[in-house]
Amino acid sequence: MKKLVLKIFAIHILFVLVVACTIEEDNPADCQSTYEYLQDLKILIEDQAAESICTEGFECRSIAFGSKPCGGPWSYLVYSTSIDTLDLVDRVNDYNELEMTFNINCGAISDCAVVNPPTSLMCENNQCIAIY
């Protein structure tokens, strides 16, 4: 299972590098395929974070997730250290970088509302919960 996850991650890294280098400004086909890839990758990352559990042996954490066109993250992803956190952080960083490139090259727009990080995290029913 770990080998499969590593292979999928390696493919994602390669795709991120290729797409980041080849998105042509205002090319609808490139922008659409990158958007669809970002949506799939977002689901994969959220599913990975959702697999984490919190108990006495694990710590809850959060990470800025996504890249708004105006700057800053779209949200904060909450997870625990029960999963491979290095893998998750790498995926989130790659996702954020690709979304930033997409925003610049494809003319993405959004609200410019600032999304604040959680003020604290707590464990409830073996799930990490963000407190704002």
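Read-outs: derived from the displayed coordinates by stated rules, not from any lab. Note that the structure is a prediction, hence the values are computed from the model and not measured.
Quick notes on this one:
- For the range 49-132, diffusion coefficient by Stokes-Einstein and Kirkwood Rh (Cα), 20 °C, 1.002 mPa s, µm²/s: 156
- Extension gain, ALA130 to THR81, is 16.1 nm, computed as 0.36 nm per intervening residue step minus the present C-alpha separation.
- Taking only the alpha carbons of the range 23-80, we obtain Rg and Dmax values of 15.1, 50 Å in that order.
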